[in-house]
Amino acid sequence: MNALIYYQNTTLVSLVLISLMLLGTEMGFRFGKRRYPEATEAVRSQVGVVLAAMLGLLSLLLSFTFSWALQRYEDRSEALVAEANAIGTTSLRIQLLPVEMHEKIQSLLSRYTEARIRENELPLANPAERHAQVEQARQLATQLWSEAMRAVQKDPRPVTSGLFVQSLNQLIDAASVTHAAFQRRVPEVILVAILVLSVIVAALLGYASGLAGHRVSAPTFLLVGGIVVAVFLIMDLDRPRSGLIQVNRETLQSLQVSILIEGEGVGLEGKGVGLEGEGVGLEKGAVRSTVGLEEPMIQPSLREKDLSFRAEGEKS
């Protein structure tokens, strides 16, 4: 039952639903037309009451299910934002670790972010590939945790390695929350009940028209179309990896770009220090050469003063 409708194309399910509803309307009309000669006003009013009650029940189910699916959609969006914030915080706190660990951890974090993005973007038709991405992200998280333990051994201070371990722990927890949010969906039993009830309501509409002695009017088809659109929106909201309504993943994608840029900066950091060292060496050499040039300029002036002083002493 769990895979009866969920893995089917939403447009296909909607087309099947509207076909069944139109077929039910036509069959109900023909059956009601047969009963038209013997139908009394009491029978027509009773059918009208039953039809109103069925429409009320269907609208109640549609409204609650739509609210449920919309809440799940918002939960998935919030989970993705929370996970992106956790990854961004972890990326910033890498700078608190020993310098020799920056490049490796930055690379692991970038690969982890890429795996998380791919896992969320894969459609329902690729469960095996999605499972592979989940396993890859789990392995990268394990490697990140191992690097965090090494950092704690090198620098056990809570304001450096401790903060990084805290953010990494939040990152792993956020990934679990996101995965659970993407797995939650409206139970298939409720969707099946809505589909069956929609066909019954369409058949009652046709039956009521047959008892009244006229064909189904245009407002009836509008009602059928509105029910199909509501069911389509519910199913589309309930499918985070397929359909028209998708969770915005730009936060994770832009975060991946920024992590890649930071990783390049970390890779060039050592070269920058080397250049600075060369600059310091040149600066010291310049100072030494300047001092060496200044000494010949100072010494002659002192010797001239000494000679002039001696000449004045001999004259006196």
* Structure fact -> Expected output for the stretch 129-148 (first residue under 19 Å from S107 (Cβ atoms) and surrounded by 14 or more Cβ atoms within 10 Å (Cβ to Cβ), partner β-branched (V, I, T) and at pLDDT 90 or above, Cβ below 6 Å, 6+ apart or cross-chain) is A141/I172; E147/I105; A148/V165
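Sort through V192, V186, V196 and tell me the only one that's more than 12 Å from L22 (Cα to Cα), outside any helix (DSSP H, G or I) and among the β-branched types (V, I, T).
Details: V192 fails: outside any helix (DSSP H, G or I); V196 fails: outside any helix (DSSP H, G or I).
Result of the check over V192, V186, V196: V186.
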* **Yes/no for L55 being under 30 Å from V186 (Cα atoms), in contact (Cβ under 8 Å) with a residue 12 or more places away in the chain and open to solvent by 90 Å² or more (accessible area, probe 1.4 Å)** => no
* Please work out which one of (1) farther than 26 Å from V16 by Cα; (2) in contact (Cβ under 8 Å) with a residue 24 or more places away in the chain is the condition S242 fails and give its number. => (1)
* Verdict on V16 being without any contact (Cβ under 8 Å) to a residue 40 or more places away in the chain and either within 17 Å of V201 (Cα to Cα) or open to solvent by 60 Å² or more (accessible area, probe 1.4 Å) (or both) -> yes
* Asked: Tell me, which residue of the stretch 149-165 that is assigned to a helix (DSSP H, G or I) and touching a residue at least 24 places away in the same chain (Cβ under 8 Å) is farthest from A84 (Cα to Cα)?
  -> K154
* Structure fact -> In the set Q106, Q71, Q46, Q95, the lone residue that is closer than 30 Å to D155 by Cα and open to solvent by 80 Å² or more (accessible area, probe 1.4 Å) is Q95
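The values are calculated or read from the model by the stated rules, or taken from the named source; none is laboratory data. All values reported here derive from a predicted model rather than from experimental measurement. No Cβ is skipped: glycine too gets one built from the backbone with ideal geometry, and neighbour counts run over all protein chains shown. For accessibility, only protein heavy atoms count, side chains too; no ligands or nucleic acids. Shrake-Rupley method; radii C 1.70, N 1.55, O 1.52, S 1.80 Å.
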